[in-house]
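Report on one structure; see the data block that follows.
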Amino acid sequence: MHTGTGQITEIYLDGSAQMDCPPNLIPSPGQYLLAHASGSDSPLPVSVYFYDSAPKGFRFAPPLPSIWTIGTKLNLRGPLGHGFSIPSSARKVALIALEGSPAYLHGLISIALKEQAEVVIVCESAPSDLPEVVEVQPLRALEEICKWADFIAVDTARETLNQMKKLFEKLNQLSAVREAQVLIRAPMPCGGLAECGVCAVSSNNPHDWKMVCKDGPVFEMNFIT
């Protein structure tokens, strides 16, 4: 983990933004930074997730806090947590966003394509800057894509985690894939320092609780379902 400063250099229409920062502060897909605007009176930092590479830093996923503008300087801590890990053997990669845009999964596209894997995004709101080789399918095609994929990455909010569990239990397709991982988005104000419990989630064992901020945000699917 490192600390340092960054600066917002570009803001995009989708609410994502580009940040210049030292290389050792660039998170991998699924990891996060805690960012606090210099001079802000807000008591809590903002979790910033990787979206795409940039020449002097990285582009991070929306939403962008309203007070952050081009030129805003940020105090940073990270990278924090566990990110995604696509198996080198994966040749059919499914990126599944259960709510809205797949922005939190976008960083996996270039990694999968570099390994010459096929990539399908399952979502209801696809970004416009996807490579032409990436296929987009609606959520109603989820069962078919789960049968096809040998690696699945899912993005979901903690509030909808139970619905996600029920959905995949109903599909009963995870046994057909080699590996599946899920990014759980939750408030993480302490970034693993205080063990405040705000981001706690339970596994398939109701007595086994984990902290999203340090045990995640990316978990193996079999921990959840």
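The values are calculated or read from the model by the stated rules, or taken from the named source; none is laboratory data. Keep in mind it's a predicted model, so treat the numbers as computed, not measured. Cβ atoms come from the backbone with ideal geometry, glycine included; neighbour counts cover every protein chain shown. Ligands, DNA and RNA are excluded from the accessible area calculation, which covers all protein heavy atoms including side chains. Shrake-Rupley method; radii C 1.70, N 1.55, O 1.52, S 1.80 Å.
Of the strands (runs of 3 or more DSSP E) lying entirely inside the range 91-138, those containing at least 3 residues that are open to solvent by less than 60 Å² (accessible area, probe 1.4 Å) span 92-97, 118-122. Yes or no: Asp155 in contact with a Leu (Cβ under 9 Å, 6 or more places away or on another chain), at pLDDT 85 or above, among the acidic types (Asp, Glu) and under 24 Å from Glu124 (Cα atoms)? Against the criterion (in contact with a Leu (Cβ under 9 Å, 6 or more places away or on another chain), at pLDDT 85 or above, among the acidic types (Asp, Glu) and under 24 Å from Glu124 (Cα atoms)), Asp155 qualifies. Of everything listed in (1) in a loop (DSSP other than H, G, I, E, B); (2) of a type outside the set (Asp, Glu); (3) closer than 25 Å to Phe151 by Cα; (4) touching a Cys at 6+ places or on another chain (Cβ under 6 Å), the single unmet condition for Cys190 is (3). Residues Gln18, Gln7: which one is in contact with a strand residue (DSSP E or B) (Cβ under 6 Å, 6 or more places away or on another chain) and open to solvent by less than 50 Å² (accessible area, probe 1.4 Å)? Within the list Gln18, Gln7, the selection yields Gln18.
Checking the structure you have, find out if any residue of the range 191-203 is open to solvent by 20 Å² or more (accessible area, probe 1.4 Å) and β-branched (Val, Ile, Thr). Checking the range 191-203: at least one residue is open to solvent by 20 Å² or more (accessible area, probe 1.4 Å) and β-branched (Val, Ile, Thr).
Beta carbons closer than 6 Å, at least 6 apart along the sequence or on distinct chains, pair a first residue in the range 131-147 that is within 17 Å of Lys170 (Cβ to Cβ) with a second that is open to solvent by 90 Å² or more (accessible area, probe 1.4 Å) for Leu139/Glu124.
Every listed requirement among (1) open to solvent by 50 Å² or more (accessible area, probe 1.4 Å); (2) under 25 Å from Ala112 (Cα atoms) is met by Gln31 save one, (1). The criterion of being of a type outside the set (D, E, K, R), open to solvent by less than 20 Å² (accessible area, probe 1.4 Å) and either assigned to a strand (DSSP E or B) or under 15 Å from Gly6 (Cβ atoms) (or both) holds for Leu76.
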